[in-house]
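Heads up, the thing below is written out as structure tokens.
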Amino acid sequence: MTEPLVLLVEDDAGVRRVLRTTIEAQGCRVIEAATGADALRRMTAERPDLVLLDLGLPDRDGLELIREWRGWTAVPILVLSARGDEATKIRALDLGADDYVTKPFAGGELLARLRAALRRNERRGAPPVFESEGLRIDAAARLATIKGQPVKLSRREWDVLRLLVLDAGKVVGHRQILEKVWGPAQAEQSQYLWVYIGHLREKLEPDPARPRFILTEPGIGYRLVRGEDEQG
């Protein structure tokens, strides 16, 4: 069994050293990042099993990283921060953090929370992948290919497509997509969605005028399905 890989995001080298030793003693591998930019790069390149995240980074707020990551990955995020105020804790959890530990912390408690997060992640199963007629969409990796050739999609196109992949075969409502991608204030702006669904069909469908994968449910929303020859 492969040892879990933990991404440790912390700008203090001394704290990183202590945490690395502690985490490795639990049988985990550790990769480090001292800045938000490095954390984003390592998350994409190395696909860790868990993130231990300090919010006070030199180049950006850790809350921004949580928001960005939750757009494409369900990897457990355990916040470790000196910010102990209730508002920050609530904000981090609402953005998608799985747990929050305040500095200074007890090593035993931190490790218990880390183990619990890894167990929950194991139960989640494999990230969703949609495949049909040469089209393959890996929602977690944000990788779409047609007959093995990568398809370039914008961040917003991915945000829309990911929701369809997560509920493949089911109707995803207009309002649900608009609220999750553009925010509650834009929940009635259907024209945004029409434009991006059009872009996705142009890039993913064999014939965008007669879509096989991204179907419209009039007045309700959209549904991602396998090609007709695979549905019987």
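In segment 153-165 there is no residue matching the filter, namely being in contact with a Pro (Cβ under 7 Å, 6 or more places away or on another chain) and charged (D, E, K, R). If we scan segment 143-165, do we find a residue that is more than 19 Å from Glu202 (Cα to Cα) and in contact with a strand residue (DSSP E or B) (Cβ under 8 Å, 6 or more places away or on another chain)? The answer is no; no qualifying residue exists.
Considering Glu202, Glu131, Glu157, the condition of being touching a helix residue (DSSP H, G or I) at 6+ places or on another chain (Cβ under 6 Å) and not aliphatic (A, V, I, L, M) is satisfied by Glu157 alone. With the structure loaded, tell me whether Ala117 is crowded, with 19+ Cβ neighbours inside 10 Å and outside any loop (DSSP other than H, G, I, E, B) or whether it fails that test. Considered against the rule, which asks whether it is crowded, with 19+ Cβ neighbours inside 10 Å and outside any loop (DSSP other than H, G, I, E, B), Ala117 comes out as yes. Helices (runs of 4 or more DSSP H) fully within segment 140-232 that include at least 3 residues being among the hydroxyl-bearing types (Ser, Thr, Tyr): 190-204.
Kindly check whether there is at least one residue in segment 183-190 that is touching a His at 6+ places or on another chain (Cβ under 9 Å), under 19 Å from Gly71 (Cα atoms) and among the polar types (S, T, N, Q). The answer is no, given that none of the residues of segment 183-190 is touching a His at 6+ places or on another chain (Cβ under 9 Å), under 19 Å from Gly71 (Cα atoms) and among the polar types (S, T, N, Q).
Within segment 24-37, the set of residues being of a type in the set (D, E, K, R) and free of Cβ contacts under 8 Å to residues at least 24 places away in the same chain comprises Glu24 only. Quick check: anything in segment 47-57 free of Cβ contacts under 8 Å to residues at least 40 places away in the same chain and crowded, with 21+ Cβ neighbours inside 10 Å? So far as segment 47-57 goes, yes, one or more of its residues are free of Cβ contacts under 8 Å to residues at least 40 places away in the same chain and crowded, with 21+ Cβ neighbours inside 10 Å. Counting only strands (runs of 3 or more DSSP E) wholly contained in segment 1-105, the ones carrying 3 or more residues that are at pLDDT 95 or above occupy 5-9, 29-33, 50-53.
Here's the yes/no breakdown for (1) over 19 Å from Ala140 (Cβ atoms); (2) touching a Ser or Thr at 6+ places or on another chain (Cβ under 7 Å); (3) open to solvent by 10 Å² or more (accessible area, probe 1.4 Å); (4) of a type in the set (D, E, K, R):
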| residue | (1), (2), (3), (4) |
| --- | --- |
| Ala13 | yes, no, yes, no |
| Arg17 | yes, no, yes, yes |
| Thr21 | yes, no, yes, no |
| Gln26 | yes, no, yes, no |
| Leu40 | no, no, yes, no |
| Asp61 | yes, no, yes, yes |
| Ile66 | no, no, no, no |
| Trp72 | no, no, yes, no |
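Looking across segment 131-147, the residues that are surrounded by 15 or more Cβ atoms within 10 Å (Cβ to Cβ) and of a type in the set (Val, Ile, Thr) come down to Ile137, Ile146. One residue stands out among those in segment 176-220 that are of a type in the set (Lys, Arg) and free of Cβ contacts under 8 Å to residues at least 24 places away in the same chain: the one that is nearest to Arg136 (Cα to Cα), which is Arg201.
Pro218 falls short on exactly one of the conditions (1) closer than 25 Å to Met43 by Cα; (2) out of contact with any helix residue (DSSP H, G or I) (no Cβ under 6 Å at 6 or more places or on another chain), and that condition is (1). Only one entry of Arg210, Arg155 meets the criterion of being more than 22 Å from the chain's Cα centre (by Cα), surrounded by fewer than 16 Cβ atoms within 10 Å (Cβ to Cβ) and either over 24 Å from Val75 (Cα atoms) or modelled with pLDDT under 95 (or both), and that entry is Arg210. Selection of segment 164-192 for residues being open to solvent by less than 50 Å² (accessible area, probe 1.4 Å) and modelled with pLDDT of 90 or more yields Leu164, Val165.
The values are calculated or read from the model by the stated rules, or taken from the named source; none is laboratory data. Everything quoted here is computed from the prediction, not taken from an experiment. Every residue, glycine as well, gets a Cβ built from its backbone with ideal geometry; the counts of neighbours run over all protein chains shown. Accessible surface is based on the protein model in full, side chains and every heavy atom, while ligands, DNA and RNA are left aside. Shrake-Rupley method; radii C 1.70, N 1.55, O 1.52, S 1.80 Å.
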